[in-house]
1. Show that you can apply the helix-only estimate: for the chain, add -39,500 (n - 2.57) for every DSSP H stretch of four or more residues, divide by all residues, and state [θ] at 222 nm to the nearest 500.
2. Quick one: Karplus J couplings for the range 303-308, per residue in order, coefficients 6.51, -1.76, 1.60, θ = phi - 60°, nearest Hz, x for Gly and Pro?
3. For the chain, modelled as a Gaussian network with Cα springs under 10 Å, which listed residue fluctuates most, T40, T87, T291?
4. Whole Å is fine, so just give me how far the alpha carbon centre of the range 81-115 lies from that of the range 150-192.
5. Among Y298, Y144, Y104, whose mean-square fluctuation peaks in a Gaussian network model of the chain (Cα, cutoff 10 Å)?
6. Please arrange R112, R187 by counting, for each residue, the other beta carbons lying within 10 Å of its beta carbon, fewest first.
7. Pick out which of K35, K220, K75 has the largest mean-square fluctuation in a Gaussian network model of the chain, springs linking Cα atoms closer than 10 Å.
8. Among K256, K79, which comes first, second and so on when ranked by fewest other beta-carbon atoms within 10 Å?
Amino acid sequence: MKKLLISFLILFFATPHLKPQTNLDSLWQIWNNPKIHDTTRLMAIHKMINDGFLYSNPDSAFALAQMEYNFAKQKNLKKHMANALNTQGLVFWVKSNYEQALEYHFKSLKIREEINDKRGIAASYNNIGLIYWNQGNYSKALEYYFKSLKIREEINDKQGIAASHNNIAIIHADQGNYSKALEYHFRSLKIRDEINDKQGIVISYNNIGFIYYNQGNYSKALEYLNRGLKISKEIEDQELISASLNGIAQVYLKQKNYPKAKEYATNSLQIAKEIGNTLQIKEASQTLYETYKHLKQYKDALEMFELY
């Protein structure tokens, strides 16, 4: 479940990962219109990649990001070159190719440092920390998360500060230091409440719920996960709805309430398939695999096993 807990920066933090097709079409039209300003065209293709392709079709996302990079290089727009490389790093992260992901994030970081793009540098540090976390290198992950946090505090990037606290909390949780993890998650939640970052609030609620889950406090886990589900439905964020549903399913699975676990995980998987989120499909199908095994529905369990 842990991949859903991280707050990372694509370019603009906390943008939804899927938009209606009409929006993608309009962004594609902007990109292909030579009469429109270069930076506007680059912003359009960047948003199109991250909103419509990164999770559902990472190979296409990489190819489109290469188009973005080539155009930006031709126009000597270094900030956009770095943005494209950052996206390509995230593509490799989605595909769990962490060495390649690091390579592209360091390329992006190099350009951002050359042009003194503070926000971009903080994003690169954050994403490099993310890769080290995935590799289990917690000391390096914390090193880069704190580098990112320092810059975000310098430029008063509230949303970024909250994301950094969130990610630092996850390291502490992975190390079994749940009290420290909760401390950082509640710091993150406080900032997100102050700036009314609804998506961030859901992420914090879910993460706090997962800490209580790991502590065996299932009533508190369900309390926070249901808070997250409520807000994610209010803002109609399908990815977060799917994540919250799967989190609740995991709690019910632990409580041996298999019918409830099946209900919530099935709903999570259905939404994940509808939006084409491969990471969440994997998470929900894994929950269903465990649930079906306990229900002795082995044919269904095998089907879910093949999905994740």
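Each reported figure results from applying straightforward, stated rules to the coordinates on display, with no laboratory input. These numbers were taken from a predicted model, which means no experiment stands behind them. Cβ: placed from backbone, ideal geometry, glycine included. Neighbour counts: every protein chain shown.
1. Working: 15 runs with 241 residues, N = 308.
Only helices count here, giving -26000 deg cm²/dmol.
2. 4, 5, 4, 5, 6, 9
3. Residue with maximal mean-square fluctuation among T40, T87, T291: T40.
4. Between the Cα centres of the range 81-115 and the range 150-192 lies a distance of 23 Å.
5. Checking each option, the largest mean-square fluctuation is seen for Y298.
6. Working: R112 25, R187 18.
With the fewest neighbours first, R112, R187 line up as R187, R112.
7. Comparing K35, K220, K75 in a Gaussian network model of the chain, the most mobile one is K35.
8. On the way: K256 9, K79 16.
Ascending number of Cβ neighbours within 10 Å: K256, K79.
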